[in-house]
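The values are calculated or read from the model by the stated rules, or taken from the named source; none is laboratory data. Every value quoted in this text rests on a predicted model; they were computed, and no experiment measured them. Glycine gets a Cβ as well: all are built from the backbone with ideal geometry, and neighbour counts include every protein chain shown. Just so you know, the surface numbers come from the protein's heavy atoms only, side chains and all, with ligands and any DNA or RNA stripped out. Shrake-Rupley method; radii C 1.70, N 1.55, O 1.52, S 1.80 Å.
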Amino acid sequence: MLTLDYANCLADRVGTHGLDPAHLAPGSPLALAAVHLTERLATTRGTGWERWRNLARNPMRDEHLTAVNAIVRECRGKYQNMVVLGIGGSALGNIALHAALNPTTYNLLPDASRPGPRLFVLDNVDPMYVGAVLDYCQSAGPEATLYNVVSKSGETAETAAQFMVIRSALLAQLGDKARDHIVAITDPAKGTMRAICNKEGYRTLPVPDGVGGRFSALSPVGLFSAAMTGIDITALLDGADDMDRRCSAPDLSRNPAAMLAALLVELGTTKGKPNHVLMPYSNSLYLLADWFRQLWAESLGKQNDVKGQTVYAGFTPIKALGATDQHSQVQLYREGPNDKVFGLMQIDDFTTGIGAPPANAAPGTAGARRGDITIPTGLGVEATAYLEGKSMAVLLNAEKRATEYALLESQRPNFTIRWPRLDARHVGEFIMLWQIATAYAGLMLNVDAYDQPAVETGKRATFGLMGRKGFEEWNQRVNRALAPTNRVV
(Lines give C-alpha, C1' and ligand atoms only; values in the text may rest on other atoms or scores of the structure.)
Protein backbone atom coordinates (compact mmCIF):
# COMPACT_ATOMS: atom_id res chain seq x y z
CA MET A 1 0.00 0.00 0.00
CA LEU A 2 1.04 3.62 -0.48
CA THR A 3 2.60 5.33 2.52
CA LEU A 4 3.07 8.99 3.39
CA ASP A 5 6.41 9.99 4.94
CA TYR A 6 6.08 13.51 6.33
CA ALA A 7 8.89 13.97 8.89
CA ASN A 8 10.52 16.55 6.61
CA CYS A 9 7.50 18.83 7.04
CA LEU A 10 8.11 19.19 10.78
CA ALA A 11 10.00 21.86 12.70
CA ASP A 12 12.57 19.47 14.14
CA ARG A 13 13.79 18.93 10.56
CA VAL A 14 13.17 22.25 8.76
CA GLY A 15 13.07 24.68 11.68
CA THR A 16 10.53 27.50 11.64
CA HIS A 17 9.48 26.57 8.12
CA GLY A 18 7.89 23.36 9.41
CA LEU A 19 5.06 22.45 11.73
CA ASP A 20 5.52 21.80 15.44
CA PRO A 21 5.07 18.02 15.87
CA ALA A 22 2.91 18.74 18.91
CA HIS A 23 0.34 20.34 16.58
CA LEU A 24 -0.28 16.92 15.00
CA ALA A 25 -0.18 14.87 18.20
CA PRO A 26 -3.27 13.14 19.66
CA GLY A 27 -5.45 15.66 21.48
CA SER A 28 -4.05 18.64 19.57
CA PRO A 29 -6.46 21.06 17.85
CA LEU A 30 -5.55 19.65 14.44
CA ALA A 31 -6.05 16.07 15.58
CA LEU A 32 -9.41 16.92 17.16
CA ALA A 33 -10.43 18.80 14.02
CA ALA A 34 -9.56 15.73 11.95
CA VAL A 35 -11.95 13.63 14.04
CA HIS A 36 -14.73 16.17 13.50
CA LEU A 37 -14.08 16.48 9.75
CA THR A 38 -13.95 12.70 9.32
CA GLU A 39 -17.36 12.47 10.96
CA ARG A 40 -18.69 15.19 8.64
CA LEU A 41 -17.40 13.42 5.56
CA ALA A 42 -18.92 10.15 6.76
CA THR A 43 -22.35 11.76 6.94
CA THR A 44 -22.12 13.46 3.53
CA ARG A 45 -20.47 10.65 1.54
CA GLY A 46 -22.62 9.44 -1.31
CA THR A 47 -24.74 12.60 -1.30
CA GLY A 48 -24.69 15.78 -3.39
CA TRP A 49 -21.35 16.25 -5.12
CA GLU A 50 -19.71 13.61 -2.90
CA ARG A 51 -21.11 10.64 -4.78
CA TRP A 52 -17.58 10.07 -6.13
CA ARG A 53 -16.75 8.67 -2.70
CA ASN A 54 -18.83 5.57 -3.54
CA LEU A 55 -17.37 4.85 -6.98
CA ALA A 56 -15.21 2.00 -5.68
CA ARG A 57 -18.01 0.42 -3.63
CA ASN A 58 -21.18 -1.41 -4.53
CA PRO A 59 -23.68 -0.92 -5.99
CA MET A 60 -21.97 1.75 -8.16
CA ARG A 61 -18.82 -0.31 -8.59
CA ASP A 62 -20.51 -3.40 -10.04
CA GLU A 63 -22.93 -1.35 -12.14
CA HIS A 64 -20.06 0.51 -13.77
CA LEU A 65 -17.82 -2.52 -14.20
CA THR A 66 -20.66 -4.49 -15.81
CA ALA A 67 -21.56 -1.67 -18.20
CA VAL A 68 -17.97 -0.85 -19.14
CA ASN A 69 -16.91 -4.45 -19.64
CA ALA A 70 -19.96 -5.19 -21.81
CA ILE A 71 -19.02 -2.47 -24.32
CA VAL A 72 -15.33 -3.39 -24.13
CA ARG A 73 -16.25 -6.96 -25.13
CA GLU A 74 -18.27 -5.62 -28.07
CA CYS A 75 -15.41 -3.40 -29.24
CA ARG A 76 -12.37 -5.55 -28.50
CA GLY A 77 -10.43 -6.49 -31.62
CA LYS A 78 -12.50 -4.31 -33.96
CA TYR A 79 -10.47 -1.08 -33.91
CA GLN A 80 -6.83 -0.18 -34.40
CA ASN A 81 -7.24 3.27 -32.80
CA MET A 82 -9.31 4.85 -30.07
CA VAL A 83 -9.73 8.61 -29.72
CA VAL A 84 -11.14 10.19 -26.56
CA LEU A 85 -12.83 13.55 -27.08
CA GLY A 86 -12.89 15.61 -23.89
CA ILE A 87 -11.25 18.37 -21.91
CA GLY A 88 -10.34 18.97 -18.27
CA GLY A 89 -11.69 16.25 -16.03
CA SER A 90 -13.08 14.43 -19.05
CA ALA A 91 -9.54 13.94 -20.37
CA LEU A 92 -6.91 14.25 -17.63
CA GLY A 93 -7.89 11.05 -15.83
CA ASN A 94 -7.76 9.08 -19.08
CA ILE A 95 -4.35 10.50 -19.92
CA ALA A 96 -2.94 9.86 -16.44
CA LEU A 97 -4.18 6.26 -16.23
CA HIS A 98 -2.81 5.41 -19.66
CA ALA A 99 0.58 7.05 -18.98
CA ALA A 100 0.93 5.35 -15.60
CA LEU A 101 -0.22 1.87 -16.50
CA ASN A 102 0.82 1.33 -20.12
CA PRO A 103 4.35 1.52 -21.54
CA THR A 104 5.58 4.77 -23.03
CA THR A 105 5.83 3.06 -26.42
CA TYR A 106 2.31 1.60 -26.26
CA ASN A 107 1.05 3.33 -29.42
CA LEU A 108 4.16 2.29 -31.35
CA LEU A 109 3.73 -1.43 -30.69
CA PRO A 110 2.39 -3.68 -33.48
CA ASP A 111 -1.32 -4.46 -33.22
CA ALA A 112 -0.63 -8.04 -32.16
CA SER A 113 1.58 -6.87 -29.30
CA ARG A 114 -0.87 -4.41 -27.75
CA PRO A 115 -3.77 -5.44 -25.49
CA GLY A 116 -6.01 -2.88 -27.17
CA PRO A 117 -6.17 -0.08 -29.75
CA ARG A 118 -3.77 2.84 -29.87
CA LEU A 119 -5.09 5.58 -27.60
CA PHE A 120 -5.21 9.31 -28.35
CA VAL A 121 -6.87 11.80 -26.01
CA LEU A 122 -7.84 15.07 -27.70
CA ASP A 123 -7.88 17.45 -24.76
CA ASN A 124 -7.75 20.67 -26.77
CA VAL A 125 -9.04 22.28 -29.97
CA ASP A 126 -5.66 23.32 -31.37
CA PRO A 127 -6.30 22.62 -35.08
CA MET A 128 -2.75 21.39 -35.73
CA TYR A 129 -2.98 18.95 -32.82
CA VAL A 130 -6.48 17.71 -33.63
CA GLY A 131 -5.76 17.57 -37.36
CA ALA A 132 -2.62 15.50 -36.92
CA VAL A 133 -4.43 12.85 -34.86
CA LEU A 134 -7.43 12.73 -37.19
CA ASP A 135 -5.24 12.52 -40.28
CA TYR A 136 -3.33 9.61 -38.75
CA CYS A 137 -6.51 7.76 -37.85
CA GLN A 138 -8.05 8.43 -41.27
CA SER A 139 -4.97 7.01 -42.98
CA ALA A 140 -6.00 3.56 -41.75
CA GLY A 141 -9.53 4.01 -43.10
CA PRO A 142 -12.65 5.24 -41.29
CA GLU A 143 -13.49 1.74 -40.02
CA ALA A 144 -10.26 1.54 -37.99
CA THR A 145 -11.07 4.03 -35.21
CA LEU A 146 -13.45 4.17 -32.25
CA TYR A 147 -14.32 7.64 -30.95
CA ASN A 148 -15.21 8.07 -27.26
CA VAL A 149 -16.91 11.44 -26.62
CA VAL A 150 -16.98 12.38 -22.94
CA SER A 151 -19.33 15.21 -21.98
CA LYS A 152 -22.01 15.23 -19.31
CA SER A 153 -24.02 17.97 -20.97
CA GLY A 154 -22.78 17.92 -24.56
CA GLU A 155 -22.45 21.71 -24.49
CA THR A 156 -18.80 22.13 -23.57
CA ALA A 157 -17.52 24.10 -26.55
CA GLU A 158 -14.26 22.22 -27.07
CA THR A 159 -15.74 18.73 -26.87
CA ALA A 160 -18.81 19.72 -28.92
CA ALA A 161 -16.58 21.08 -31.69
CA GLN A 162 -14.46 17.91 -31.76
CA PHE A 163 -17.59 15.73 -31.82
CA MET A 164 -19.18 17.70 -34.64
CA VAL A 165 -16.06 17.28 -36.79
CA ILE A 166 -15.89 13.53 -36.10
CA ARG A 167 -19.61 12.92 -36.61
CA SER A 168 -19.67 14.74 -39.93
CA ALA A 169 -16.66 12.81 -41.27
CA LEU A 170 -18.02 9.44 -40.14
CA LEU A 171 -21.45 10.07 -41.64
CA ALA A 172 -19.90 11.08 -44.95
CA GLN A 173 -17.69 8.00 -45.04
CA LEU A 174 -19.79 5.30 -43.35
CA GLY A 175 -23.39 6.45 -43.42
CA ASP A 176 -25.57 4.57 -40.92
CA LYS A 177 -22.56 2.54 -39.76
CA ALA A 178 -21.10 5.71 -38.24
CA ARG A 179 -22.90 4.92 -34.99
CA ASP A 180 -20.76 1.80 -34.55
CA HIS A 181 -17.69 4.02 -34.20
CA ILE A 182 -18.95 6.26 -31.38
CA VAL A 183 -19.31 5.53 -27.67
CA ALA A 184 -20.57 8.46 -25.59
CA ILE A 185 -20.07 8.91 -21.86
CA THR A 186 -22.72 11.38 -20.78
CA ASP A 187 -25.62 12.09 -18.46
CA PRO A 188 -27.79 8.97 -18.24
CA ALA A 189 -31.09 10.85 -18.47
CA LYS A 190 -30.85 14.44 -19.68
CA GLY A 191 -28.87 17.03 -21.60
CA THR A 192 -27.92 17.82 -25.17
CA MET A 193 -25.55 14.87 -25.62
CA ARG A 194 -28.11 12.46 -24.17
CA ALA A 195 -30.68 13.67 -26.70
CA ILE A 196 -28.15 13.26 -29.54
CA CYS A 197 -27.28 9.73 -28.37
CA ASN A 198 -30.92 8.72 -28.17
CA LYS A 199 -31.54 10.05 -31.67
CA GLU A 200 -28.43 8.60 -33.30
CA GLY A 201 -28.42 5.27 -31.47
CA TYR A 202 -24.93 5.55 -29.97
CA ARG A 203 -23.73 3.17 -27.28
CA THR A 204 -23.46 5.06 -23.99
CA LEU A 205 -22.00 4.87 -20.51
CA PRO A 206 -23.01 7.13 -17.62
CA VAL A 207 -21.36 10.15 -16.08
CA PRO A 208 -22.85 9.45 -12.64
CA ASP A 209 -24.93 12.12 -10.93
CA GLY A 210 -22.96 14.01 -8.30
CA VAL A 211 -19.56 13.14 -9.81
CA GLY A 212 -17.80 16.24 -11.14
CA GLY A 213 -15.24 16.00 -13.92
CA ARG A 214 -12.16 16.26 -11.76
CA PHE A 215 -13.49 13.49 -9.50
CA SER A 216 -14.51 11.18 -12.36
CA ALA A 217 -11.36 9.16 -13.15
CA LEU A 218 -12.72 6.12 -11.28
CA SER A 219 -16.09 6.30 -13.05
CA PRO A 220 -16.78 5.15 -16.63
CA VAL A 221 -15.17 8.44 -17.72
CA GLY A 222 -11.75 6.95 -16.94
CA LEU A 223 -12.55 3.25 -16.73
CA PHE A 224 -13.66 2.74 -20.35
CA SER A 225 -10.49 3.86 -22.13
CA ALA A 226 -8.42 2.14 -19.44
CA ALA A 227 -10.20 -1.18 -19.96
CA MET A 228 -9.98 -0.82 -23.74
CA THR A 229 -6.18 -0.59 -23.47
CA GLY A 230 -5.83 -3.58 -21.17
CA ILE A 231 -5.63 -1.89 -17.77
CA ASP A 232 -7.03 -3.93 -14.87
CA ILE A 233 -9.91 -1.69 -13.80
CA THR A 234 -11.02 -4.12 -11.10
CA ALA A 235 -7.64 -3.76 -9.40
CA LEU A 236 -7.84 0.01 -9.88
CA LEU A 237 -11.10 0.11 -7.92
CA ASP A 238 -9.79 -2.37 -5.34
CA GLY A 239 -6.95 0.00 -4.55
CA ALA A 240 -9.28 2.97 -4.38
CA ASP A 241 -11.56 1.12 -1.98
CA ASP A 242 -8.64 0.15 0.25
CA MET A 243 -7.49 3.77 0.44
CA ASP A 244 -11.03 4.99 1.10
CA ARG A 245 -11.29 2.68 4.11
CA ARG A 246 -7.93 3.85 5.45
CA CYS A 247 -9.01 7.46 5.00
CA SER A 248 -12.15 6.86 7.07
CA ALA A 249 -10.12 6.51 10.29
CA PRO A 250 -10.76 9.33 12.78
CA ASP A 251 -7.17 9.17 14.09
CA LEU A 252 -5.09 11.75 12.18
CA SER A 253 -1.95 9.59 12.43
CA ARG A 254 -3.77 6.68 10.75
CA ASN A 255 -5.59 8.64 8.05
CA PRO A 256 -3.26 9.54 5.14
CA ALA A 257 -5.72 11.89 3.40
CA ALA A 258 -6.47 13.85 6.57
CA MET A 259 -2.74 14.09 7.34
CA LEU A 260 -1.87 15.17 3.79
CA ALA A 261 -4.56 17.87 3.85
CA ALA A 262 -3.56 19.05 7.33
CA LEU A 263 0.09 19.38 6.36
CA LEU A 264 -0.55 21.26 3.12
CA VAL A 265 -3.27 23.55 4.49
CA GLU A 266 -1.32 24.41 7.63
CA LEU A 267 1.95 24.97 5.78
CA GLY A 268 0.10 26.98 3.15
CA THR A 269 -1.87 29.21 5.50
CA THR A 270 0.39 29.59 8.54
CA LYS A 271 3.91 29.11 7.15
CA GLY A 272 3.71 31.00 3.86
CA LYS A 273 3.89 27.93 1.60
CA PRO A 274 1.04 28.40 -0.93
CA ASN A 275 2.88 26.64 -3.78
CA HIS A 276 2.63 22.86 -3.78
CA VAL A 277 5.03 20.92 -6.01
CA LEU A 278 4.36 17.28 -6.90
CA MET A 279 7.56 15.67 -8.18
CA PRO A 280 7.40 11.96 -9.04
CA TYR A 281 10.63 10.08 -9.61
CA SER A 282 9.07 8.13 -12.45
CA ASN A 283 8.12 9.22 -15.94
CA SER A 284 5.09 6.95 -15.73
CA LEU A 285 3.73 8.94 -12.78
CA TYR A 286 4.41 12.37 -14.29
CA LEU A 287 0.98 12.87 -15.86
CA LEU A 288 -0.72 11.95 -12.59
CA ALA A 289 0.76 15.28 -11.49
CA ASP A 290 -1.25 16.96 -14.28
CA TRP A 291 -4.38 15.30 -12.93
CA PHE A 292 -3.46 16.49 -9.41
CA ARG A 293 -3.03 20.07 -10.63
CA GLN A 294 -6.62 20.37 -11.82
CA LEU A 295 -7.99 18.67 -8.71
CA TRP A 296 -6.07 20.87 -6.26
CA ALA A 297 -6.40 24.17 -8.16
CA GLU A 298 -10.03 24.03 -9.27
CA SER A 299 -11.32 22.58 -6.01
CA LEU A 300 -9.58 24.93 -3.57
CA GLY A 301 -8.97 28.15 -5.50
CA LYS A 302 -11.99 30.19 -4.40
CA GLN A 303 -12.59 33.91 -3.93
CA ASN A 304 -15.38 33.36 -1.42
CA ASP A 305 -15.89 30.88 1.38
CA VAL A 306 -19.12 28.97 1.99
CA LYS A 307 -20.55 31.96 3.89
CA GLY A 308 -19.91 34.30 0.96
CA GLN A 309 -17.03 36.11 2.63
CA THR A 310 -14.07 37.09 0.43
CA VAL A 311 -11.09 34.92 1.36
CA TYR A 312 -9.05 34.30 -1.83
CA ALA A 313 -8.32 30.75 -0.74
CA GLY A 314 -6.27 28.14 -2.52
CA PHE A 315 -2.81 26.93 -3.39
CA THR A 316 -0.86 26.81 -6.64
CA PRO A 317 -0.08 23.23 -7.73
CA ILE A 318 3.13 22.74 -9.70
CA LYS A 319 4.40 19.60 -11.41
CA ALA A 320 8.01 18.55 -11.73
CA LEU A 321 9.81 15.36 -12.74
CA GLY A 322 12.65 13.67 -10.95
CA ALA A 323 15.44 13.37 -11.80
CA THR A 324 14.95 15.60 -14.88
CA ASP A 325 14.02 18.73 -12.98
CA GLN A 326 16.96 18.46 -10.61
CA HIS A 327 18.76 20.00 -13.58
CA SER A 328 16.17 22.68 -14.34
CA GLN A 329 14.18 23.59 -11.21
CA VAL A 330 15.97 22.58 -8.02
CA GLN A 331 18.26 25.63 -8.10
CA LEU A 332 15.14 27.76 -7.68
CA TYR A 333 13.54 25.33 -5.26
CA ARG A 334 16.54 25.42 -2.89
CA GLU A 335 17.71 29.03 -3.16
CA GLY A 336 14.64 30.90 -4.36
CA PRO A 337 11.67 31.97 -2.20
CA ASN A 338 10.90 29.49 0.57
CA ASP A 339 7.22 29.43 -0.37
CA LYS A 340 6.75 25.82 -1.45
CA VAL A 341 5.98 22.38 -0.11
CA PHE A 342 7.43 19.52 -2.13
CA GLY A 343 5.69 16.20 -2.61
CA LEU A 344 8.15 13.61 -3.87
CA MET A 345 7.08 10.20 -5.18
CA GLN A 346 9.27 7.11 -5.10
CA ILE A 347 8.71 3.61 -6.49
CA ASP A 348 10.53 1.14 -4.27
CA ASP A 349 10.52 -1.86 -6.60
CA PHE A 350 10.74 -1.49 -10.37
CA THR A 351 11.09 -5.26 -10.90
CA THR A 352 7.45 -6.08 -10.12
CA GLY A 353 4.16 -4.52 -11.21
CA ILE A 354 3.70 -2.67 -14.49
CA GLY A 355 7.34 -2.42 -15.48
CA ALA A 356 8.23 -6.07 -14.93
CA PRO A 357 7.98 -8.73 -17.63
CA PRO A 358 5.86 -11.82 -16.95
CA ALA A 359 7.84 -15.04 -17.02
CA ASN A 360 6.14 -16.13 -20.25
CA ALA A 361 6.35 -12.80 -22.11
CA ALA A 362 7.43 -13.15 -25.71
CA PRO A 363 10.14 -10.80 -27.01
CA GLY A 364 8.73 -7.66 -28.61
CA THR A 365 5.39 -7.80 -26.79
CA ALA A 366 3.97 -5.30 -24.31
CA GLY A 367 4.50 -7.86 -21.55
CA ALA A 368 8.23 -8.04 -22.26
CA ARG A 369 9.03 -4.59 -20.89
CA ARG A 370 12.12 -4.19 -18.76
CA GLY A 371 11.62 -3.99 -15.03
CA ASP A 372 15.07 -2.52 -14.41
CA ILE A 373 18.29 -1.96 -16.31
CA THR A 374 21.75 -2.84 -15.03
CA ILE A 375 24.53 -0.43 -15.89
CA PRO A 376 27.30 -2.43 -17.61
CA THR A 377 30.88 -2.77 -16.39
CA GLY A 378 34.01 -2.42 -18.49
CA LEU A 379 34.00 1.20 -19.62
CA GLY A 380 37.33 1.65 -17.89
CA VAL A 381 36.79 5.27 -16.82
CA GLU A 382 37.56 6.05 -13.20
CA ALA A 383 35.05 8.92 -13.01
CA THR A 384 32.13 6.61 -13.80
CA ALA A 385 33.35 3.42 -12.12
CA TYR A 386 30.96 3.98 -9.19
CA LEU A 387 28.01 3.37 -11.55
CA GLU A 388 29.20 0.01 -12.87
CA GLY A 389 27.01 -2.92 -11.92
CA LYS A 390 24.36 -0.71 -10.31
CA SER A 391 20.83 -0.52 -11.65
CA MET A 392 19.02 2.51 -13.06
CA ALA A 393 16.32 2.08 -10.42
CA VAL A 394 18.94 2.31 -7.68
CA LEU A 395 20.37 5.42 -9.35
CA LEU A 396 16.94 7.05 -9.74
CA ASN A 397 16.01 6.46 -6.11
CA ALA A 398 19.43 7.69 -4.99
CA GLU A 399 18.72 10.88 -6.96
CA LYS A 400 15.39 11.20 -5.14
CA ARG A 401 17.03 10.61 -1.76
CA ALA A 402 19.73 13.17 -2.56
CA THR A 403 17.13 15.79 -3.55
CA GLU A 404 15.15 15.10 -0.39
CA TYR A 405 18.33 15.72 1.61
CA ALA A 406 19.21 18.86 -0.36
CA LEU A 407 15.73 20.31 0.24
CA LEU A 408 16.08 19.49 3.91
CA GLU A 409 19.45 21.26 4.07
CA SER A 410 17.72 24.38 2.70
CA GLN A 411 14.84 24.02 5.19
CA ARG A 412 12.29 23.35 2.44
CA PRO A 413 9.37 21.24 3.74
CA ASN A 414 8.84 18.05 1.76
CA PHE A 415 7.05 14.73 2.03
CA THR A 416 7.28 11.45 0.15
CA ILE A 417 4.51 9.24 -1.18
CA ARG A 418 6.11 5.80 -1.41
CA TRP A 419 4.88 3.26 -3.93
CA PRO A 420 5.84 -0.39 -3.26
CA ARG A 421 5.45 -0.94 -7.02
CA LEU A 422 3.64 0.64 -9.96
CA ASP A 423 0.42 -1.22 -10.74
CA ALA A 424 -3.30 -0.55 -11.13
CA ARG A 425 -4.09 -1.16 -7.48
CA HIS A 426 -1.62 1.49 -6.29
CA VAL A 427 -2.76 4.00 -8.93
CA GLY A 428 -6.30 3.55 -7.60
CA GLU A 429 -4.98 4.24 -4.09
CA PHE A 430 -3.24 7.40 -5.27
CA ILE A 431 -6.34 8.81 -6.99
CA MET A 432 -8.58 8.18 -3.99
CA LEU A 433 -5.95 9.55 -1.58
CA TRP A 434 -5.84 12.93 -3.31
CA GLN A 435 -9.59 13.12 -3.86
CA ILE A 436 -10.27 12.59 -0.15
CA ALA A 437 -7.43 14.93 0.82
CA THR A 438 -9.10 17.56 -1.37
CA ALA A 439 -12.40 17.04 0.44
CA TYR A 440 -10.65 17.53 3.79
CA ALA A 441 -8.78 20.59 2.54
CA GLY A 442 -12.01 22.19 1.32
CA LEU A 443 -13.53 21.81 4.77
CA MET A 444 -10.38 23.13 6.44
CA LEU A 445 -10.43 26.21 4.20
CA ASN A 446 -14.22 26.53 4.55
CA VAL A 447 -14.72 26.61 0.77
CA ASP A 448 -16.90 24.62 -1.61
CA ALA A 449 -14.53 22.11 -3.16
CA TYR A 450 -17.02 21.12 -5.85
CA ASP A 451 -17.92 24.30 -7.71
CA GLN A 452 -15.84 26.35 -10.16
CA PRO A 453 -17.56 29.71 -10.58
CA ALA A 454 -14.52 31.46 -12.04
CA VAL A 455 -14.43 29.01 -14.95
CA GLU A 456 -17.93 30.05 -16.04
CA THR A 457 -16.85 33.56 -17.10
CA GLY A 458 -14.49 32.17 -19.70
CA LYS A 459 -17.15 29.79 -20.96
CA ARG A 460 -19.72 32.56 -21.37
CA ALA A 461 -17.18 34.82 -23.07
CA THR A 462 -16.34 32.00 -25.49
CA PHE A 463 -20.02 31.50 -26.27
CA GLY A 464 -20.34 35.23 -27.01
CA LEU A 465 -17.26 35.39 -29.22
CA MET A 466 -18.43 32.34 -31.16
CA GLY A 467 -21.90 33.81 -31.74
CA ARG A 468 -24.04 31.60 -29.52
CA LYS A 469 -27.59 32.91 -29.28
CA GLY A 470 -28.30 34.61 -25.97
CA PHE A 471 -24.67 35.55 -25.31
CA GLU A 472 -24.40 38.61 -27.59
CA GLU A 473 -23.71 40.90 -24.63
CA TRP A 474 -20.63 38.86 -23.78
CA ASN A 475 -19.20 39.45 -27.23
CA GLN A 476 -19.51 43.18 -26.71
CA ARG A 477 -18.11 43.07 -23.18
CA VAL A 478 -15.04 41.10 -24.25
CA ASN A 479 -14.26 43.28 -27.24
CA ARG A 480 -14.70 46.50 -25.25
CA ALA A 481 -12.45 45.29 -22.46
CA LEU A 482 -9.74 43.99 -24.80
CA ALA A 483 -9.66 46.84 -27.30
CA PRO A 484 -5.97 47.35 -28.23
CA THR A 485 -4.44 50.49 -26.75
CA ASN A 486 -0.80 49.75 -25.94
CA ARG A 487 1.05 47.72 -28.55
CA VAL A 488 4.65 47.28 -29.63
CA VAL A 489 5.00 47.11 -33.42
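Values for this structure:
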| quantity | calculated |
| --- | --- |
| Segment Thr377-Ser253, extension gain: residue separation times 0.36 nm, minus the distance between their alpha carbons | 40.1 nm |
| Under-5 Å amide H pairs with Leu10, H placed in peptide plane, nonlocal only | Leu19 |
| Residue-level accessible surface for Phe463, protein heavy atoms, 1.4 Å, Å² | 40 Å² |
| Nonlocal amide H pairs with Phe415, under 5 Å, H built at 1.01 Å | Phe342, Gly343, Leu344 |
| In nm, spacing of pseudo-spin labels at Asp62 and Thr234 (7 Å Cα→C-beta vector) | 1.3 nm |
| DSSP H segments from the chain that extend 27 Å or more along their own axis, Cα-based, with Kyte-Doolittle mean of -0.5 or above | 424-445 |
| Per-residue HN-Hα couplings for segment 328-333 [Karplus 6.51, -1.76, 1.60; θ = phi - 60°; Hz; x = Gly/Pro] | 9, 10, 5, 4, 5, 4 |
| Most to least accessible of Val133, Val311 (protein chains only, probe 1.4 Å) | Val311, Val133 |
| Set Lys273/Lys319; Lys273/Lys302; Lys152/Lys340; Lys319/Lys459; Lys199/Lys459; Lys177/Lys199 screened for pairs whose C-alpha atoms are more than 24 Å apart | Lys152/Lys340; Lys319/Lys459; Lys199/Lys459 |
| Charged-residue dipole, Cβ positions (Lys, Arg, Asp, Glu), the chain about Cα centre, Debye nearest 20 | 860 debye |
| DSSP bridge orientation in the chain - percent antiparallel, rounded to nearest 5 | 15 percent |
| Extension gain (nm, one decimal) between Gln80 and Lys190, 0.36 nm per residue minus Cα-Cα | 36.4 nm |
| Separation between Cα centres of segment 89-143 and segment 146-182, rounded to whole Å | 16 Å |
| Kirkwood Rh (inverse of mean 1/r, distinct Cα pairs), segment 166-286, angstrom | 18.3 Å |
| Amide H partners (placed H, <5 Å) of Lys390, local residues excluded | Ile375 |
| Area accessible to solvent at Phe224, 1.4 Å probe radius, in Å² | 0 Å² |
| Rg(Cα) / (2.2 N^0.38 Å) computed for the chain, rounded to two decimals | 1.03 |
| At most 16 other Cβ within 10 Å, DSSP loop - trypsin sites (Lys or Arg not before Pro), segment 55-158 | Arg57, Arg76, Lys78 |
| Largest to smallest accessible area among Thr105, Thr159 [probe 1.4 Å] | Thr105, Thr159 |
